[in-house]
1. Assign unit charges at the C-beta atoms only (+1 for Lys and Arg, -1 for Asp and Glu), then state the dipole size of the stretch B:145-279 relative to its Cα centre in Debye, rounded to the nearest 20.
2. Of B:T244, C:T291, how do they rank once you tally other Cβ atoms within 10 Å and put the fewest first?
3. Order the peptides A:97-103, C:120-126 from the highest to the lowest mean number of other Cβ atoms within 10 Å of their residues.
4. Given only helices, namely DSSP H runs of n ≥ 4 each adding -39500 (n - 2.57), what is the per-residue ellipticity at 222 nm of the protein assembly as shown, to the nearest 500 deg cm²/dmol?
5. What percent do you get for the relative contact order of the stretch C:145-279 when only Cα pairs under 8 Å and 6+ apart count?
6. Compute the Cα gyration tensor for the stretch B:145-279, then decide on rounded, prolate or oblate, letting a ≥ b ≥ c be the square roots of its eigenvalues: rounded whenever a/c is under 1.5, prolate when a/b is larger than b/c in the other cases, and oblate in all that remain.
7. Find out how many positive minus negative residues lie around B:I210, taking Lys and Arg as positive, Asp and Glu as negative, among other residues whose Cβ is under 13 Å from that of B:I210.
8. What does the convex hull of the Cα atoms come to per residue for chain A, in Å³?
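Taken together, the values in this text are just the output of simple stated rules run on the coordinates, not laboratory data. Just so we're clear, the structure is a prediction, and the values are computed from it rather than from any experiment. Please note: Cβ atoms are built from the backbone with ideal geometry, for glycine as well, and neighbour counts cover all protein chains shown.
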Amino acid sequence: MKAMRLIDIDGPSLDVIETIVERAVALSKGSEPLAQTHTIANVFFEPSTRTRVSFEMAATRLGLRVINLDGERSSMTKGESVLDTLATLHAMGVELAVLRHGHTGICHELSEQLPPSLGLINAGDGCGHHPTQALLDAATLTAKGVRLSEAKVVICGDLRHSRVARSNVALLKRLGVGEIGLAGPEALMPAPGSGFDGLRHYDNLDAALIDADVVMMLRVQKERMDESDGGLDLADYHLHWGLTTERLAKAKPECWVMHPGPMNRGVELSAQVADGPQSLILDQVRMSVFTRMAIFEALLS
Amino acid sequence: MKAMRLIDIDGPSLDVIETIVERAVALSKGSEPLAQTHTIANVFFEPSTRTRVSFEMAATRLGLRVINLDGERSSMTKGESVLDTLATLHAMGVELAVLRHGHTGICHELSEQLPPSLGLINAGDGCGHHPTQALLDAATLTAKGVRLSEAKVVICGDLRHSRVARSNVALLKRLGVGEIGLAGPEALMPAPGSGFDGLRHYDNLDAALIDADVVMMLRVQKERMDESDGGLDLADYHLHWGLTTERLAKAKPECWVMHPGPMNRGVELSAQVADGPQSLILDQVRMSVFTRMAIFEALLS
Amino acid sequence: MKAMRLIDIDGPSLDVIETIVERAVALSKGSEPLAQTHTIANVFFEPSTRTRVSFEMAATRLGLRVINLDGERSSMTKGESVLDTLATLHAMGVELAVLRHGHTGICHELSEQLPPSLGLINAGDGCGHHPTQALLDAATLTAKGVRLSEAKVVICGDLRHSRVARSNVALLKRLGVGEIGLAGPEALMPAPGSGFDGLRHYDNLDAALIDADVVMMLRVQKERMDESDGGLDLADYHLHWGLTTERLAKAKPECWVMHPGPMNRGVELSAQVADGPQSLILDQVRMSVFTRMAIFEALLS
């Protein structure tokens with residue numbers, strides 16, 4: 001039997017995607033989860049507590065058995081490939097692996113080589129994809145009643161390196177979103193052919209926000225930026241690209257603010273906006289559990 | 001709904017305190033735990049296996065779901081405050097957080113800012129409070145039939161930095177203990193106004209032990225002492241403040257010996273005393289699980 | 001009540017050993033596990049994910065409660081002996097500890113000192129013993145229908161430092177194996193009196209493989225070898241002692257290939273052999289869970 005996999009947003013059919021989003025919303029409103037008896041493993045080679053805990057919460061609520069593997073500290077990887085590690089876990093009874101890894105494209109590579117009966121969820125690969133984040137963002141907006149086909153969504157920040165942005169753009173396109181606008185420093189704009197072609201770039205956030213229904217702020221990854229840009233000035237970044245109450249007023253009055261977390265208050269957005277009535281940041285966290293439950297249900301059933 | 005919190009010993013009513021102590025004793029004698037379906041998180045920013053495992057054992061015996069978060073290694077905290085971390089966990093479904101943190105007073109600060117529906121247990125904050133340790137010590141003595149109102153309790157060691165001592169003194173006072181005596185090196189005596197006022201200080205352990213029913217030995221925190229004292233001599237410490245069989249003979253014949261662990265054999269007490277018939281050290285460990293079960297029951301019901 | 005322990009292969013009766021091996025095979029074929037309500041702890045002072053996860057999988061399939069303790073990062077061990085750590089866990093309700101530690105002989109030492117009611121499984125001690133690995137290897141061969149009494153088994157590699165080899169030799173002898181052959185570099189041959197006496201040493205693998213039914217390749221522990229041998233040349237090792245398809249052809253046509261993992265492809269064996277039809281490497285991983293379930297059942301019942 002071939003296990004189902006979620007490697008990027010282009011993999012599953014639109015039908016499966018819509019089922020996941022609708023099921024996540026239903027679960028968040030109290031639908032009974034389908035009891036599961038499978039065993040999954042969280043295999044994280046990059047530090048991530050937020051995503052790991054969210055997958056663990058989702059799994060335990062379904063009654064799944066969960067093995068947590070801290071790949072960075074794992075002896076399993078001494079002189080052993082990620083492929084051998086996952087094959088070993090599968091031989092031990094793990095039926096689906098949730099993988100985060102710093103190497104862009106690793107889930108696509110593994111998907112060809114793994115035992116066909118092992119399920120795989122890409123929980124973020126380098127600068128590649130992060131499909132479950134995109135699905136939970138869509139579920140969050142759907143739960144709030146946003147009609148994507150009529151909406152303008154602005155994504156602002158380091159689009160060049162963001163797997164969150166890439167997966168969100170892919171999903172919003174498939175869901176037929178009205179308009180996607182990109183904003184951020186010139187040096188951090190996406191390379192041609194990297195999944196963002198044909199979208200409008202704004203060279204300032206104020207202009208991008210006009211008529212926006214949703215604005216997704218991307219995390220400033222300080223460590224990376226410091227290196228590649230000879231020291232990004234965070235105060236300067238906030239001045240030009242940070243979302244403040246004043247700036248948010250340029251968008252539609254009911255414009256929603258999203259952020260994948262963890263956020264840098266005072267950098268990509270002000271504390272006032274983060275905690276304000278238009279912020280969906282904690283809603284995203286809440287929906288992350290329900291969406292991952294829906295994903296497990298879809299892949300394991 | 002406002003969740004219950006246990007931040008320090010002065011928070012809960014005497015009624016709640018007595019219920020916890022009595023319930024812990026009952027559980028240790030075989031009472032059936034109340035089944036729980038809540039989710040809790042152990043969030044530890046200071047290394048602690050003993051306390052963390054004890055909370056985990058207590059939670060799993062009640063049927064609670066437990067998320068373990070190693071705060072020191074958590075990416076959740078990169079550029080993110082403890083407040084945001086806990087709010088995020090709460091949004092994921094965590095109903096009560098057990099927090100250990102090196103910053104004195106952090107639980108009091110957080111208690112004002114956290115979502116009211118998130119429960120919080122202080123599992124030790126810097127040099128502040130450690131209320132669950134005090135409660136388990138009281139439950140241990142109660143299970144042994146010690147009548148606190150008639151007892152003399154001696155606390156010996158680094159009282160200045162000890163959250164264990166501060167919480168024990170607060171609890172013993174509320175429970176109407178007969179007498180509390182303090183002993184330890186002059187430099188490690190508590191500052192005025194820090195919760196120890198009005199108690200008798202002894203400048204040597206032999207004098208303090210006369211007529212004692214209970215002696216609580218505090219852990220020598222080598223790392224801290226080495227710094228602040230230009231190298232504390234451990235052999236010298238043991239000579240003056242270590243509990244030996246000879247010294248223990250000055251107390252009442254049935255005087256109980258306690259230590260919060262992990263102990264340094266040969267420093268704060270001799271191996272003979274630690275393993276002797278008057279030692280309650282393993283009883284404290286055993287009661288730690290039952291007491292934390294009783295605390296969970298009280299806070300989550 | 002005295003808890004049962006598995007410290008080395010010489011401890012249990014042949015009856016218990018045979019029960020474990022047969023039960024592991026039965027479990028692997030679908031026998032219902034005996035439900036357990038005990039609490040165990042995995043206490044690992046050496047990095048090991050493979051063995052730790054395997055014990056955790058085995059325990060959770062039986063319904064056991066599992067506490068994972070990373071000994072290297074545990075504050076429980078600051079100024080505290082392994083003995084005190086295990087006694088503390090026992091006082092908290094842990095009924096059986098699975099211990100891995102770098103110190104050779106520690107499980108034998110602890111076995112004398114621990115509370116008699118605490119069970120103990122040696123999950124690898126320094127260069128000493130690794131009895132559960134030997135049992136799972138025997139179960140793997142049994143499940144494949146190998147008749148050990150008529151088999152020639154070759155063990156190849158660093159026999160001097162290998163707890164895997166020592167426990168396998170002890171078990172194969174007790175099970176009345178036909179012949180055991182040893183092969184490996186002169187400098188890594190076992191010392192006299194270390195459990196390998198009376199076995200035939202081959203000074204090249206090709207000669208050892210003639211008529212072999214099973215060949216167990218040992219892991220090259222790069223870190224150790226580099227130090228003790230002034231830099232072992234891995235390519236040179238592979239040339240002389242690596243198992244390749246050509247070399248394997250010297251053995252019986254149906255000769256099985258085993259490796260305890262994690263393997264260094266291209267060092268102790270070629271990728272072609274590791275993934276070939278004679279390889280039992282993933283079978284060993286699979287049987288590791290069933291064997292450890294059988295061991296828990298035997299020790300906890």
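1. 560
2. B:T244, C:T291
3. C:120-126, A:97-103
4. Taking each H run of at least 4 residues, the total per residue is -11500 deg cm²/dmol.
5. Once divided by the residue count of the stretch C:145-279, the mean separation gives 26 percent.
6. oblate
7. Value of the local net charge: +1.
8. 127
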